[in-house]
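Below is one structure, written out as structure tokens; the observations come after it.
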């Protein structure tokens with residue numbers, strides 16, 4: 001029997017990949033001495049890039065749905081149970097979830113996940129980034145500021161402002177998607193001066209972290225998101241862009257705060273445009 005030509009071998013391998021499902025591997029990793037549990041979902045074919053998905057607020061377990069969506073687009077993804085939730089150890093911080101101490105801790109958890117994903121043989125040599133939604137808008141930039149292992153950011157409904165500014169806004173709107181007034185309206189409507197409590201530590205501002213970074217990023221917003229001040233976040237991104245940062249944003253109409261389902265294509269297309277280092 002004659003040996004198969006290289007072209008035929010490639011055709012056979014391509015045929016085997018058609019319709020193949022992503023591969024899922026259960027993993028554990030340490031963050032500040034606590035064992036966290038998650039899953040790495042790998043594309044059936046070539047890995048184009050890789051992401052760690054960072055949670056929004058609340059008791060969040062790993063979301064394999066988004067990991068599989070990334071893998072279908074050729075992007076390896078690590079999703080994990082939040083500290084103190086699911087199979088992850090540690091304690092879930094509920095009362096002071098947006099305090100400096102907790103956001104810093106969650107940033108270290110995300111960074112530990114990046115290190116774990118970067119160790120995988122299928123990911124070596126590929127760009128590894130952080131993706132996430134909502135509260136991740138503060139956590140991911142903090143993590144990226146602490147390590148050059150993070151090569152890009154993708155944020156859905158990620159606030160680019162202080163935690164206090166988001167709190168002022170969401171208290172005014174009651175987080176009710178639909179009518180999303182400008183931030184100034186919420187600020188002027190306050191009858192009592194807002195005072196950031198000392199026990200929460202520093203009032204984290206994602207813009208400070210972003211100003212210190214030199215990596216690209218994408219923010220996806222909806223114009224009727226009443227949970228974060230979208231107009232303020234876009235203006236801050238514009239300021240950062242004028243200062244030379246490679247931060248892109250996309251504004252979709254009528255999709256609300258949880259808009260990942262309808263905008264996922266924009267994120268993977270943006271990631272796909274980046275070249276492998």
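Number of residues in segment 89-103 that are assigned to a helix (DSSP H, G or I) and either surrounded by fewer than 19 Cβ atoms within 10 Å (Cβ to Cβ) or more than 19 Å from the chain's Cα centre (by Cα) (or both): the value is 2.
For segment 237-262, filtered to residues that are assigned to a helix (DSSP H, G or I) and under 18 Å from the mean Cα position of the chain (by Cα), the residue that is surrounded by the fewest Cβ atoms within 10 Å (Cβ to Cβ) is 261. With respect to (1) loosely packed, with under 15 Cβ neighbours inside 10 Å; (2) farther than 28 Å from residue 113 by Cα; (3) in contact (Cβ under 8 Å) with a residue 24 or more places away in the chain, the lone exception for residue 230 is condition (1).
Comparison of 121, 104, 147 shows that the only residue that is modelled with pLDDT of 95 or more and under 22 Å from residue 59 (Cα atoms) is 104. Just one of the listed residues (180, 144, 140, 189) is touching a residue at least 12 places away in the same chain (Cβ under 8 Å) and surrounded by fewer than 21 Cβ atoms within 10 Å (Cβ to Cβ), and it is 189. Going residue by residue through segment 79-101, is there one that turns out to be within 30 Å of residue 20 (Cα to Cα) and without any contact (Cβ under 8 Å) to a residue 40 or more places away in the chain? Scanning segment 79-101, I find at least one residue that is within 30 Å of residue 20 (Cα to Cα) and without any contact (Cβ under 8 Å) to a residue 40 or more places away in the chain, so the answer is yes. Against the numbered list (1) in contact with a strand residue (DSSP E or B) (Cβ under 9 Å, 6 or more places away or on another chain); (2) within 20 Å of residue 259 (Cα to Cα); (3) part of a helix (DSSP H, G or I), residue 166 comes up short only at (1).
Taking the condition of being in contact with a helix residue (DSSP H, G or I) (Cβ under 6 Å, 6 or more places away or on another chain) and in a loop (DSSP other than H, G, I, E, B), how many residues in segment 57-79 meet it? Number of matching residues: 1. Of all residues in segment 192-227, exactly one satisfies the criterion of being in contact with a helix residue (DSSP H, G or I) (Cβ under 7 Å, 6 or more places away or on another chain), in a helix (DSSP H, G or I) and free of Cβ contacts under 8 Å to residues at least 40 places away in the same chain, namely 211. Residues in segment 116-140 that are out of contact with any strand residue (DSSP E or B) (no Cβ under 7 Å at 6 or more places or on another chain) and outside any loop (DSSP other than H, G, I, E, B): 138 alone.
The values are calculated or read from the model by the stated rules, or taken from the named source; none is laboratory data. Everything quoted here is computed from the prediction, not taken from an experiment. Note: ideal-geometry Cβ built from the backbone for every residue, glycine included; neighbour counts use all protein chains shown.
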